[in-house]
Amino acid sequence: MSRRPGRRHGLHRRCRCSLAWAAAIAIGLQAGLAVTLDRGLVVLRNGPFHDKYQRLCQRLEGAARAEPLASRGPWRAGVPEPVLILGSSRSAYGFRSGVMEERLAAETGRPVVVYNFSMYGAGPTMHLLNLRRLVQRGVRPSVVLVEVLPPLLGGSGPEPTEGRWLYTHRLDRDDLLTLEAIGFPTEPRWPVWRWSFWVPWYTQRFAILSRLYPTLLPWSCREDWALDTDAWGDSHLVASALATRRDEAIGRTYGEYHALLSDFQLHAVSVAALRAILGLCREEGISVALVLMPEGPAFRSWYPASAWAAIQAMLSEVQRDYGVPVVSTRDWLTEEDFLDSHHILPSSAQRFSDRFVREALLPAFYRY
Amino acid sequence: MLFNSGDFFFFFVAVFVGYWSLPRPWLRLGLVAAAVSYLISRGDDLTGLATALVQAPSWPTLARLDWRCALAGIIGLVSVLVVRLGVDRARVWLLLLSSFTFYASWNGQLAAIIFVTTAVDYLVARGMEQSQRPVWRRTLLVASLVMNLGLLAYFKYANFFLESLDRALQAMGASARHWGLDVILPIGISFYTFEAINYTVDVYRRRVPAERNLANFMLFITFFPHLVAGPIVRARDFLPQIHRPKRWDWLRLQLGVQLVLMGLFKKMAIADRMALFADPVFANPELYNTGAAWLATLAYALQIYCDFSGYSDMALGTAHMLGYKLAPNFNMPYVAANISEFWRRWHISLSSWLRDYLFIPLGGSRGSMGQTCRNLLITMTLGGLWHGASWTFVVWGVLHGLVLILHRLFQAYCQTRPRLAQWLRTVPGTAARIVLTFTTVALLWVFFRATTFTAALTMFHHLFVPHAGLGAPLHNRSLWYTVLLVVVCHVVALRGWWKAWSVRLPAPAMGFGYATVLTLALVLAPDSGKAFIYFVF
């Protein structure tokens, strides 16, 4: 009789210990990863940025072994001049940085490294965050080409349209403070960020799986896509995309962009982000140009006249205030050069890049 | 508020802490302080709501009350009232009010409907118990059935029947009338309606006594772990548990945690992951090749099992953690060796409900083979319709009924062929029967999953006639690993290894196992939580 309560007591103690161990290990795992991420495990916090940054470093270090990456002094003769492209998928697919690099080196007689730091869905806010991170890490390009993606300059809510692709779990504290400084409404994002900070095994799960077992994820959730870019950071359209019929692709693009453009309104935060990029470049002594990428006739026809007038007025104002060139290549290509009226086909990307160097880059920065 | 959401985690933790803290005065004080400080922190919202209520007092305005504020208020209030009510009654009230809050977090107005119908059922049952006049008792029973089934028919089936009628009239040459009603389907209506019916019928049959306390009865119907997707609880199992005093029990807590973790893993790491294979193919079957169609069918079979049994595990687990035991709803249905066994292992609470309240009253299997087959067909057809207001569900039910009939006929045939019957009982025979049963069930899920007949037929066409097209939406390896994991888990459970190991494993190893399962569930969750499939039924 006396053994049964004792056995039950032992079982209870075992259960209590099991649960205590479970809680301690589960909390320890979350906290451990949270602290590691906070200490700078960028590969999980922001995979695409990390991958592109690593490759940029390799390119720069490979091209100029004598110059440590972190040095921030003026670039010496013989040291390649980095030219950085900050853009969206349009730039990622549209520029052939290798072609540009070759052409620039040939024309200027100086070594040049062109790197395409474009990210899918990036607008001025993400460009600002990326440029700030790069500058903080000691990368100081001599020229930055900032793509202006008109649909992502707008928005009607408190956040600009670009906010949709600005995933809170990919931001760090400094990013949120940078956003705050340009008037981005960060108040709703802080609680989400704190939550994402303390439960990193959940919030960073796509990043974790992208590194450990990418085939478990659908393409839309993968955060390792930047590993598929080439040595210059350019993306290449895959065969299945190239096989898509153009009218179908244009229809899809219309579905994605028509609503954004039909009641387009410039968003103050996007304009502030663009200005902040130019301010940062001025501060760091970086030459900069704003680039409007080519659009097919179909895409161009979706802009209401008032929207385009507002964009042009804003760009003129920015050009005047900061003295930067605005390169419009909107009508450089025909519909046949695009997959879907705004992503350039590989064959045309080469031609476009070559022309871009000849008609825009060289006159603006290398032949004063 | 989904079971696999952060909101539910906080809701449950608050209820759990409040529930077990009630007996200790200093813990109650802490609860009151926490509730008051939370409500003060939300002062602006509450003042705004109070002002709106004063200006225009209405139910929709009150329904805007945030569930967190409501729960904080409930916990604070019950902590104060415990001195007067006693701990056990206070716990009942805490669970009851938090269950209404849980339901109202979806739709406050529909919570009012449950309140009214439950109150009516309570009165009807009391009336039936007290009356000795069979006619009056029968009238009360019919009134209750009409109310419960009437609400179910109105909310769930009215549009279905009106649209079907409209289509039939159009087929006969009439012009389209578009009779659709603007109604919202109350979540879990099919589940709590069946619970209410089993109670009133059992009281009528004098199998259970009518519950004297309205709060107890309401808790039976609205207890949040089983409210929205079952298991369908029987009054005779649940009501006595309300009367029993609850004591803290580490064993039960561990069991509850184990079930919740298992449910979370099934839902987040398997069901939602399998949806990545199944959803795109079922959405556009014409685009995919035959291999992708078969993989999608297999993935959906796993998805629906892990989704629903995962929910049931979480329901059982959370109930255990609050001192209640709900009947298990699944018992490894995919190892069933025939379709009858499948239905004894799948959604057990529904199958047994249909058996007790529909199949047996229709005559069960007491009559001739023809009558038994008819009863099976009626039961399964209505069972199919119970799942959803669509002809695809009806067909799914009818087909299951037909397969059950075929099985009965085959059983009768086997009785005259002893050698065949003997071979079927051998290991290869049993394996063949399991594979055949699983394949049949998986193929019948196509009707369950497809949104239209055309989609279902296209899917079958792609399954059985080789087609070119897109491949599986995700790498196949992920699916095969999941299949392997499910098979291994089944083997471990069937062999009784888990029962044997779990008592021998040292506490740190168990703890590590629990933490690993939780972390894996979090890492493998494919997207922000999908709703449980059975929530819409």
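Checking the structure you have, find out if any residue of region A:236-257 is closer than 27 Å to A:Ile182 by Cβ and assigned to a helix (DSSP H, G or I). Within region A:236-257, one or more residues are closer than 27 Å to A:Ile182 by Cβ and assigned to a helix (DSSP H, G or I). Could you tell me whether B:Leu520 is over 30 Å from A:Ala24 (Cα atoms), of a type outside the set (S, T, N, Q) and either within 14 Å of chain A (Cβ to nearest Cβ) or in contact (Cβ under 8 Å) with a residue 40 or more places away in the chain (or both)? No, not satisfied.
Say whether the condition of being crowded, with 17+ Cβ neighbours inside 10 Å, touching a residue at least 60 places away in the same chain (Cβ under 8 Å) and over 18 Å from B:Trp294 (Cβ atoms) is met by at least one residue in region B:420-427. No, region B:420-427 contains no residue that is crowded, with 17+ Cβ neighbours inside 10 Å, touching a residue at least 60 places away in the same chain (Cβ under 8 Å) and over 18 Å from B:Trp294 (Cβ atoms). Just one of the listed residues (B:Val260, B:Val201, B:Val281) is over 25 Å from A:Ala22 (Cα atoms) and within 14 Å of chain A (Cβ to nearest Cβ), namely B:Val281.
Can you spot a residue in region B:73-95 that is polar (S, T, N, Q), out of contact with any strand residue (DSSP E or B) (no Cβ under 6 Å at 6 or more places or on another chain) and at pLDDT below 85? No: zero hits.
Residues that are of a type in the set (Ser, Thr, Tyr), over 20 Å from A:Trp308 (Cβ atoms) and without any contact (Cβ under 8 Å) to a residue 40 or more places away in the chain within region A:318-368 comprise A:Ser347, A:Ser348, A:Tyr368, listed in sequence order. All conditions but one from (1) assigned to a helix (DSSP H, G or I); (2) without any contact (Cβ under 8 Å) to a residue 40 or more places away in the chain apply to B:Ile75; the one that does not is (2).
Per-residue answers, yes or no, for (1) outside the structural domain of B:Ala158 (by TED's automatic domain parsing); (2) β-branched (Val, Ile, Thr); (3) outside any helix (DSSP H, G or I):
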residue	(1), (2), (3)
B:Leu399	yes, no, no
B:Thr437	yes, yes, no
B:Trp445	yes, no, no
B:Met459	yes, no, no
B:Leu474	yes, no, yes
B:His490	yes, no, no
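Of all residues in region B:476-500, those that are under 16 Å from B:Ala301 (Cβ atoms) have Cβ atoms under 8 Å from Cβ atoms of residues that are modelled with pLDDT under 90 and of a type in the set (S, T, N, Q), 6 or more apart or on another chain, in B:Ser478/A:Thr215. Within region A:206-225, is there a residue that is under 29 Å from A:Gly155 (Cβ atoms), touching a Gly at 6+ places or on another chain (Cβ under 9 Å), free of Cβ contacts under 8 Å to residues at least 40 places away in the same chain and assigned to a helix (DSSP H, G or I)? The answer is yes, given that some residue of region A:206-225 is under 29 Å from A:Gly155 (Cβ atoms), touching a Gly at 6+ places or on another chain (Cβ under 9 Å), free of Cβ contacts under 8 Å to residues at least 40 places away in the same chain and assigned to a helix (DSSP H, G or I).
Scanning region B:333-350 for residues that are farther than 25 Å from B:Ala196 by Cβ and under 17 Å from the mean Cα position of the chain (by Cα) turns up at least one hit. Restricting attention to region A:316-342, the residues that are within 17 Å of A:Ser91 (Cα to Cα) and in a loop (DSSP other than H, G, I, E, B) total 10.
Of all residues in region A:338-356, those that are charged (D, E, K, R) and at pLDDT below 90 total 1. Using the structure shown, decide if B:Leu457 is free of Cβ contacts under 8 Å to residues at least 40 places away in the same chain and within 18 Å of B:Tyr288 (Cα to Cα). Yes: the conditions hold for B:Leu457.
Contact annotation: residue pairs with Cβ atoms under 9 Å, 6 or more positions apart or on different chains, pairing a residue in region A:20-43 that is within 14 Å of another protein chain (Cβ to nearest Cβ) and touching a residue at least 12 places away in the same chain (Cβ under 8 Å) with a partner that is polar (S, T, N, Q) and not in a helix (DSSP H, G or I), are A:Leu33/A:Gln204.
Could you identify the single residue in B:Leu485, B:Leu474, B:Leu494 that is buried (at least 17 other Cβ atoms within 10 Å of the Cβ) and within 19 Å of B:Lys266 (Cβ to Cβ)? Step by step, each of B:Leu485, B:Leu474, B:Leu494 is checked, and only B:Leu474 is buried (at least 17 other Cβ atoms within 10 Å of the Cβ) and within 19 Å of B:Lys266 (Cβ to Cβ).
Of all residues in region B:499-517, those satisfying the criterion of being away from chain A (no Cβ under 11 Å) and modelled with pLDDT of 85 or more are B:Ala500, B:Trp501. Take B:Leu382 and tell me if it is outside the structural domain of B:Phe191 (by TED's automatic domain parsing), in contact with a Leu (Cβ under 8 Å, 6 or more places away or on another chain), hydrophobic (A, V, I, L, M, F, W, C) and modelled with pLDDT of 90 or more. Criteria met by B:Leu382.
Criterion first (of a type outside the set (S, T, N, Q), more than 28 Å from B:Val403 (Cα to Cα) and at pLDDT below 90) does B:Leu470 satisfy it? So B:Leu470 passes the test. Note on region B:202-247: residues that are part of a helix (DSSP H, G or I) and surrounded by fewer than 20 Cβ atoms within 10 Å (Cβ to Cβ) total 9.
Of all positions in region B:13-23, at least one carries a residue that is among the polar types (S, T, N, Q), surrounded by 12 or more Cβ atoms within 10 Å (Cβ to Cβ) and assigned by TED's automatic domain parsing to the domain that holds B:Val80. Among the residues of region B:44-74, those that are under 19 Å from B:Val13 (Cβ atoms) and out of contact with any Ser or Thr (no Cβ under 8 Å at 6 or more places or on another chain) comprise B:Asp66, B:Arg68, B:Cys69, B:Ala72, B:Gly73.
The values are calculated or read from the model by the stated rules, or taken from the named source; none is laboratory data. Small disclaimer: the values here were computed from a predicted structure and weren't measured. Quick reminder, even Gly has a Cβ in these numbers, built from the backbone with ideal geometry, and neighbours come from all protein chains shown.
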